[in-house]
Amino acid sequence: MQELASTQNNHITDAKITVNQKDLSLALLRANTVADKKNMLPEFSNLLMEVRDNNLHVIATDLDLIMREVLLVEASCNVEISVNAGLLYDIVKRLDERHKVVLELDSEDGMLKITSQGSHFSIPVSDPKNFPILDDDTYDLSFNIPGNALRRLINCTKFSASQDEARRALSGIYLHQQNKALVCTALDGHRLAFAQTPDLEIPEFNGVIISKKTATEFIKILDGINSELTLSISSNKIKLSNSTFSVSSKLVDAIFPAYSGLIPTQHQIQITVPTREFKHAVERASAIANEKLRGLLFLIHQNTLTLSGRSDVNAYSKEVIDLQGQWFEKAFEVGINFRYVLEILSTIEEDAVTLKFNDPFSAVVITSSNPNNYWIIMPMRV
């Protein structure tokens, strides 16, 4: 076993690490999304690099989130190095990806030297013992889930979480098991989003709330990953991991409200429109809508859906969509927040979208041909 080199107690053993520029740059980019750059204490704006048997572990934390990524490197010895996350990334991202990056811990002045071809840099290091204490990595439950399935669950729901951090129970995504499916639900009092995974045998567990920040970091990591990942859950933390990375986070300490009673069970009017055409029509009509209220008037009459918006300066917009064979003798109109609609449409991959209405004062249900997702929006006065 190689001896450990460290910057602690002024006893510094020479260490040399050779790593691929592209791999290191990507790991540092992800670490910088977690490191707390605004904190006055350097330990929170630093990242920790641990080398164990030619594996470089890049670790960053803000105490709520912990990110670890493992890179294969060539190292002269095992070592721990604590260094400013932003400074190291700013250097490495500018280096030529065609050449390896060499990191050397200077034994005399406690500096980290970064070299690549003709580029040379030196930056100070900190005592790795001062790096924040990390998670004990103990969880009550673990199960596997395809990365693309989890990504879709989060993408379909995260925008419906409340922006008001004081409403802690609504400020994140409720992750729970229902009929052996993994379910994500988010609501903010004006809308609700529901998404579940089909055909997955998820074990039972007590539902948990993940923060929007955690959900955002999960999405960044999940981008492009379709292979199976491990999701680990305990009463106060959650971890997403595979063989090369892990992201762990504290959970929101709150109880998510019962939401089944908010789901409308009846509707008087149902229309189906092409997703792409509907999305573009909403985008155009919303160009002349009150920016504060963000409302569009939806008018269903005979075989058309008319979207209209009006601004504070009496500007007016109107978009007409042919309902293609659908006929409604009696006119029906309702006001809906166009931003809520656009956020939903941006996640729908199917060709058609269905809107279900009961009356102008009841919630609107939006679905697609995918039975695993639905969204609910409360109407508004326009």
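Every read-out reported here was derived from the displayed coordinates using simple, explicitly stated rules and does not represent laboratory data. This is a predicted model, so every value here is computed, not measured. Positions of Cβ are generated from backbone atoms using ideal geometry, with glycine treated the same way; all protein chains shown enter the neighbour counts.
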So, in nm, how far is label SER311 from label ASN130 when the simple model puts each one 7 Å beyond its Cα toward the Cβ?
-> 5.4
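For Cα pairs less than 8 Å apart in space and 6+ apart in sequence, what is the mean separation divided by the residue count of the chain, i.e. the relative contact order in percent? Don't skip to the answer; put the middle values down first.
On the way: 868 pairs, mean separation 48.0, N = 382.
Relative contact order for the chain comes out at 13 percent.
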Alpha-carbon spread of region 4-130, three principal axes, descending order, Å = 36, 32, 25
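Expressed as a fraction of 2.2 N^0.38 Å, the rule-of-thumb size for a compact globular protein of N residues, what is the C-alpha radius of gyration of region 131-175?
Relative to the rule-of-thumb radius for its length, region 131-175 sits at 1.55.
Starting with the highest mean, order 271-279, 336-344 by the number of other Cβ atoms within 10 Å, averaged over the residues of each peptide. Walk me through the intermediate numbers first.
Details: 271-279: 17.3, 336-344: 20.9.
Top to bottom by mean Cβ count within 10 Å: 336-344, 271-279.
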Can you tell me the 0 to 90 degree angle between the C-alpha axis of helix 212-222 and the longest principal axis of the chain, rounded to 10?
-> 70
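Once every DSSP H run of n ≥ 4 in the chain is given -39500 (n - 2.57) and the sum is divided by its residues, what mean residue ellipticity at 222 nm do you get, rounded to the nearest 500 deg cm²/dmol?
Value at 222 nm, helices only, nearest 500: -5000 deg cm²/dmol.
Working from the alpha-carbon coordinates of region 17-61, get Rg over Rh, Rh being the Kirkwood radius.
Working: Rg = 11.4 Å, Rh = 11.2 Å.
Here the Rg-to-Rh quotient is 1.01.
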Charged-residue dipole, Cβ positions (Lys, Arg, Asp, Glu), the chain about Cα centre, Debye nearest 20 | 1300
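State whether region 134-243 is rounded, prolate or oblate according to the following rule on the C-alpha gyration tensor (a ≥ b ≥ c being the square roots of its eigenvalues): a/c under 1.5 gives rounded; otherwise a/b larger than b/c gives prolate, and the remaining case gives oblate. Mind showing how you got there, number by number?
Numbers: a/c = 1.44, a/b = 1.30, b/c = 1.11.
Here region 134-243 falls in the rounded category.
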Taking the highest mean first, how do the peptides 362-370, 194-202 order by number of other beta carbon atoms within 10 angstrom per residue?
-> 362-370, 194-202
With label points set 7 Å from each Cα along the Cα-to-Cβ direction at VAL320 and GLN268, the distance between them in nm comes to 2.5
Longest principal axis of the chain (C-alpha) makes with the long axis of helix 21-34 (C-alpha) an angle, in degrees to the nearest 10, of 60
Inter-probe distance in nm under a simple model that places probes 7 Å from Cα toward Cβ, at LEU29 and GLU74 | 2.6
Considering the values (1) 58, 56, 46; (2) 97, 47, 45; (3) 85, 47, 35, which represents Cα extents along the principal axes in Å as calculated for the structure under consideration?
-> (3)
May I have the extent of the alpha carbons of region 98-142 along their three principal axes, as whole Å values ordered from largest to smallest?
-> 50, 30, 12
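Work through the residues other than GLY224 whose Cβ is under 14 Å from its Cβ and net out their charges, Lys, Arg +1 and Asp, Glu -1.
Working: positive: ARG30, ARG151, ARG152, LYS220; negative: ASP223.
Cβ neighbours under 14 Å give a net charge of +3.
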For region 264-377, evaluate the Debye formula with one uniform point scatterer on each Cα (no solvent term) and list log10 I(q)/I(0) at q = 0.13, 0.20 Å⁻¹, rounded to two decimals.
-> -0.46, -1.13
Please give the contour-minus-distance gain from THR304 to ARG94: 0.36 nm per residue of separation, less the Cα-Cα distance, rounded to one decimal in nm.
-> 70.1 nm
